[in-house]
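Below is one structure, written out as structure tokens; the observations come after it.
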Amino acid sequence: MSEGGADRRRVAVVTGTRAEFGLLAPVMRAVRDHPGLALRTVVAGAHFLPPAETWREVEEAFGVDARVPMQRPGATGRIADAEALGEGVAGCAREFARLGPSWVVVLGDRIEAFAAAAAASIAGIAVAHLHGGDRAEGVADEAMRHAITKLAHLHLPATQESAGRIARMGEDAWRVRVVGSPAMDGLAGVRPLGDAEFQRLGSPDAVFLMHPVGRSDDDEARDAAAVLAGLRGRRVLALAPNFDPGREGIARAIREAGVSAIDHLPRGVWLSLLRRLADAEPRGVLVGNSSAGLIEAAGLGGSGTALAVVDIGPRQAGRERAANVIGVGAATPEAVAEAVRCALALDLRGMAHPYGDGRTGPRVAAALAGADLGDPGWLRKRSTY
């Protein structure tokens, strides 16, 4: 169990995926280092799925205080996700009863975050939610993200626009603190990936990272294949998609395209790769539908030039974006190839973005430590309208 005296407020941070852990890590460090807080690390969901089994990265960085398996290897689809959600609610409830946290912290919109928020809120434990109020279509992202908002007691949105949406959902203004995106923390210190590691990854000039949006495997495979065809002639590195329904279709398209592929990159390597692509001459490009294109790739401009991005399809529809992103609605090889040409022609020097200044972790820790949880108003929620 993580260290922490009896007089320190226990904060259970719940992480369910590799990408979301990368965003949560600065918050976890800030909680761990705060004199009034004690970190409890809860690992759930997709972290346990092969082949990556990314729970090991969490354990190495912070230790693991509780484990909540949810998904079963090979079980895919919306019904499988619903069953996994039930496992997650029950598992989180058991672990929260054992750990006794004052706060449960979740980020985003996935089933792991929803399970933890539901278990904690129903059990009378205060919930803090990062990246609430965002718009992003995803699979069921809009519904689950906003449902978590209604379960949460402290809202920690990344932007003023997201804070406005939370207010319009009837949440009290005193519960909302704009903290920026934790994805920005540490970006100013990211250095380009070294030559040896870059060559090991195939010296790419384009990175393909595309996640499913809840369609059939065949539909996901068709669009992924079209995107990869639009990148023909470039040195492509493809990263495996997340574990949402439709994943196998994208994985199949990657195999059939014959491009270099890797299941997972640790966040430090991933950010260094993005930095290298942004600094390269000629520049590289990130293509797909990951939020990293809208947040981290834009935030790299704080330490140099931002990375050019081509965003495909509806997954990030409605999410705030900076000038480094070129959108493509219908995935065709021709549209993708043209969007890449346009993205690489952008002047991204000095580009602004809406996602904060890289000090989100300490702001979150201060908010968790400073809340007067002895005030019954924290757990008694009602709509403002």
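Throughout, read-outs are computed from the coordinates displayed, never taken from laboratory work. The shown structure was predicted, so the numbers you read here are calculated from the model rather than taken from an experiment. Methodologically, a virtual Cβ is constructed for each residue, glycine included, from the backbone with ideal geometry; neighbour enumeration extends over all protein chains shown.
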Compactness of the stretch 1-132 - radius of gyration and Dmax, Cα, Å: 13.8, 44
Net charge contributed by nearby residues that have their C-beta within less than 11 Å of Ser121 (K/R +1, D/E -1): +2
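For the pair Val269 and Arg98, what calculated FRET efficiency results from E = 1/(1 + (r/R0)^6), where r is the Cβ-Cβ distance and R0 = 30 Å, to the nearest 0.05? Let's see the in-between values first.
Working: r = 34 Å, r/R0 = 1.14.
Calculated transfer efficiency: 0.30.
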Spacing of the two label points (7 Å from each Cα toward its C-beta) at Ala280 and Ala147, in nm: 4.0
The stretch 49-100: trypsin sites (Lys or Arg not before Pro) in DSSP coil with no more than 10 other Cβ atoms inside 10 Å: none
Radius of gyration, Dmax [the chain; alpha carbons; angstrom]: 20.1, 62
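Report, in deg cm²/dmol and to the nearest 500, the calculated mean residue ellipticity at 222 nm for the chain, where each DSSP H run with n ≥ 4 adds -39500 (n - 2.57) and the sum is divided by the residue count.
-12000 deg cm²/dmol
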Residue range of the chain that is longest and free of GluC sites (Glu not before Pro) which are both DSSP loop and sparsely packed (at most 14 other C-beta within 10 Å): 54-385
Selected from Leu130, Leu344, Leu373 as most flexible by GNM, with the chain as the system and alpha-carbon contacts under 10 Å: Leu373
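Per the Kirkwood formula on distinct C-alpha pairs, the Rh of the stretch 324-385 is how many angstrom? Provide the component values of the computation, followed by the final result.
Numbers: mean 1/r = 0.0595 Å⁻¹.
After inverting the mean inverse Cα-Cα distance, the result is 16.8 Å.
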The stretch 288-352 - Rg over Rh from alpha carbon coordinates, Kirkwood radius: 0.96
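By count of other Cβ within 10 Å, fewest leading, how are Ile254, Ile111 ordered?
Numbers: Ile254 23, Ile111 27.
The fewest-first ordering by Cβ neighbours comes to Ile254, Ile111.
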Backbone HN-Hα couplings from phi across the stretch 118-130 [Karplus 6.51/-1.76/1.60, Hz, Gly and Pro as x]: 5, 4, 5, 4, 5, 7, x, 9, 5, 10, 10, 10, 8
Value of relative contact order over the stretch 266-385, rounded to a whole percent, pairs C-alpha under 8 Å and six or more apart: 21
Extended-chain gain in nm, criterion 0.36 nm per residue less alpha-carbon gap, Arg252 and Arg191: 18.7 nm
Taking only Cα atoms of the stretch 188-344, radius of gyration then Dmax in Å: 14.3, 41
Where labels lie 7 Å past Cα in the beta-carbon direction, separation of Ala330 and Arg359 in nm: 4.8
Cα gyration tensor shape of the stretch 234-307, rounded if a/c is under 1.5, else prolate or oblate by comparing a/b with b/c: prolate
Built amide H within the under 5 Å cut-off of Ala38, gap 5+: Arg9, Arg10, Val11
Qualifying trypsin sites (Lys or Arg not before Pro) for the stretch 330-385 [loop in DSSP, other Cβ within 10 Å: at most 15]: Arg349, Arg359, Arg380, Lys381, Arg382
Contact order normalised by residue count of the stretch 188-344, Cα under 8 Å, 6+ apart, percent: 26
Debye log10 I(q)/I(0) at q = 0.14, 0.18, 0.20, 0.24 Å⁻¹ for the stretch 88-171, Cα point scatterers: -0.42, -0.67, -0.81, -1.08
